[in-house]
Amino acid sequence: MTASVIEATSFPDLAQRYQVTGVPKTVVGDGVEIMGALPEADFVAQVLQAGA
Amino acid sequence: MYSPGAATDLQRRLATLSSPVRLVFFTQTFGCDTCLPARQAADRIAALSERVTVEEHNLVLDHEQVAEYGVEWAPALAVVGTQDVGMRYYGIPDGYEIESLVDAIEIAGGGGPALSDETLDALDALDRDVHLRVFVTPT
């Protein structure tokens, strides 16, 4: 697993491509989107759903 | 610049690094207004610990390093300890996001991720590479 943090104001084109309307927003692969900061277990569950 | 209190706090956290950490910075010469402030932010963090160093490459010119670190845009920082575990920061690490970068430095420097055993077990079961893109703003 790898991770990039993208500071949205420096990359408005990426923010638009990934439809970032609020932060934090996490995009898992090119699929599942996680809005906000979730508890760890919930976050992992969403990541696993994307990886399934 | 950090306030004296903030600098002391970051310095204390970085003092716990058990191995050196390189901030591999990617810039580009033209069309990157945020590259210089991002480099300056990386330098400010590196100034707080002898174990943190910054090295610079050019996104357009340094093909070998761009391929090695899989960097897509500039400004970018690859946070690399004894191994490169794939942590990247794109943009200016400023405001609260300094915390995110210092977290990454701590992990790269041997601190390990502060995740529960349940999480580590669950992630062990992943059978393919997963990349997370976390969008933030420097609030």
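List of remarks:
- Cα pair distances exceeding 18 angstrom across the stretch A:8-51, given as percent: 29
- The magnitude of the dipole of the stretch B:4-124, with charges of +1 and -1 set on the Cβ of Lys/Arg and Asp/Glu and taken from the Cα centre, is near 460 debye.
- Heavy atoms of residue B:92: accessible area, 1.4 Å probe, square angstrom to 10: 30
- Think of the stretch B:4-124 as a dipole: +1 on every Lys or Arg Cβ, -1 on every Asp or Glu Cβ, centred on the Cα centre; then among B:92, B:10, B:104, B:10 lies furthest on the positive end.
- Viscosity 1.002 mPa s, 20 °C: Kirkwood-radius Stokes-Einstein D of the stretch B:1-135 over Cα pairs, µm²/s: 136
- Taking all pairs of distinct alpha-carbon atoms in the protein assembly as shown, Kirkwood radius in angstrom: 17.2
- Amide proton proximity set for residue B:54, modelled H, under 5 Å, gap of 5+: B:23
The values are calculated or read from the model by the stated rules, or taken from the named source; none is laboratory data. Quick caveat, the model's predicted, so the values are computed rather than measured. Note that we place each Cβ from the backbone using ideal geometry, even for glycine, and neighbour counts take in every protein chain shown. The accessibility values were calculated without ligands, DNA or RNA, using every heavy atom of the protein model including side chains. Shrake-Rupley method; radii C 1.70, N 1.55, O 1.52, S 1.80 Å.
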